[in-house]
Amino acid sequence: MTRQPALPANIAAVVSDVDGALAQNDKSVSLRTVEAVKALQDAGVKFTIVSSWPPRGLKTVISRLNIVTAVAGFNGCVVASKVKEPPISSLAETTAMEPSRPSSGLS
């Protein structure tokens, strides 16, 4: 494993695209990328991905990079997580399900 330089203390999280950034043309993830993400995680930096891919298409990347935070698929329209809480299935759907109502000022 190549020694990584120290990270600035003020980095809390890194979010990356998948195509052209993490995944190679054959959708594999290089050892160098795995090592870089592990160095971030070891330094306490949360790491996640956002992609145009559907979340189920990200399973290999998630596994290879040991991602434990929520990920976003379909260009951010779907957020998925392994956490046992109900996932946010769609930002558009959530907004449509909870319409805002003007306040009348009366209780």
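Short version: ³J(HN,Hα) in whole Hz for each residue of the range 15-24, in order, from phi by Karplus 6.51 cos²θ - 1.76 cosθ + 1.60 (θ = phi - 60°), x for Gly and Pro, what are they?
Working through the residues one at a time gives 10, 10, 6, 9, 5, x, 10, 9, 8, 7 Hz.
Would you kindly derive the ³J(HN,Hα) couplings of the range 51-68 from the backbone phi angles with the Karplus curve 6.51 cos²θ - 1.76 cosθ + 1.60 (θ = phi - 60°), listing them in order in whole Hz, with x for Gly and Pro?
8, 7, 5, x, x, 5, x, 9, 3, 5, 5, 4, 5, 4, 9, 6, 7, 10
Once amide H atoms are built 1.01 Å from N in the peptide plane, which residues 5 or more positions from SER16, or in another chain, come under 5 Å H to H?
Counting only residues 5 or more places away or on other chains, the set is THR48, ILE49, VAL50.
Read-outs throughout are calculated quantities, based only on the coordinates presented, and are distinct from any laboratory measurement. Remember, it's a predicted structure, so these values are computed and weren't measured experimentally.
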